[in-house]
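The values are calculated or read from the model by the stated rules, or taken from the named source; none is laboratory data. None of these values were measured; they are calculated from a predicted model. FYI the Cβ positions are ideal-geometry reconstructions off the backbone, even for glycines, and counts take in every protein chain you see.
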Amino acid sequence: MREVGSRGFQTGASLIEFALVLPVFLLLVIGVLYASIAFVTHQAVAHAAQRGADAAISADPNAPSYATLAVVRASLRVAEALSFLPGEPPEIELRQECDTPVDGAGNAPPASYFCVIDSGAAGGRMVSLSLAPAFSSLWPQFPRVALAPLPAYVRATGAAVVPRSDDGR
């Protein structure tokens, strides 16, 4: 006959405790991994937007197709900055105005766009690059888990300003 404090009962209790704690521990680990991937992706998109805006201001503002040239440079720099992600970089469209359209509920549709703000002869030229790629396009093979939702879109904006020179350019 076994006694109540014998070693046999202790190993059974340890197994039950392990079975109770393991799912909670795994849920925490998976949650931290998902949050880390979402954070790194947002930081990468923010860095790519700023690098794209910086590349766009290096285009010659006197070129006949300045806006198109700036978008091409920005697109190349964004693709370079996001090249470590397994998905495709976002397509960047050229807009005449930087105002983001909103729907009736006040939500802005996700779009990646480039615009130039020229503040006249006294000021400078500012370029704004807004990126909003779908998370699933940046991480196409990433598994989805209902308990750890990921963002649908990753939004970031980069801006750069070129001051006017004395000769008005």
Quiz item: Are any residues in region 114-142 modelled with pLDDT of 80 or more and aromatic (Phe, Trp, Tyr), and if so, which ones?
Solution: Phe135, Trp139, Phe142
Practice problem: Could you list all residues from region 126-154 that are surrounded by fewer than 16 Cβ atoms within 10 Å (Cβ to Cβ) and assigned to a loop (DSSP other than H, G, I, E, B)? | Solution: Pro140, Gln141, Phe142, Pro143, Arg144, Ala146, Leu147, Pro149, Pro151, Ala152
Exercise. Out of the residues in region 49-63 that are among the charged types (D, E, K, R) and part of a helix (DSSP H, G or I), state the one that is surrounded by the most Cβ atoms within 10 Å (Cβ to Cβ).
Key: Arg51
Exercise. Take the residues in region 64-99 that are part of a loop (DSSP other than H, G, I, E, B) and small (Gly, Ala, Ser), then tell me which one is modelled with the highest pLDDT.
Key: Ser83
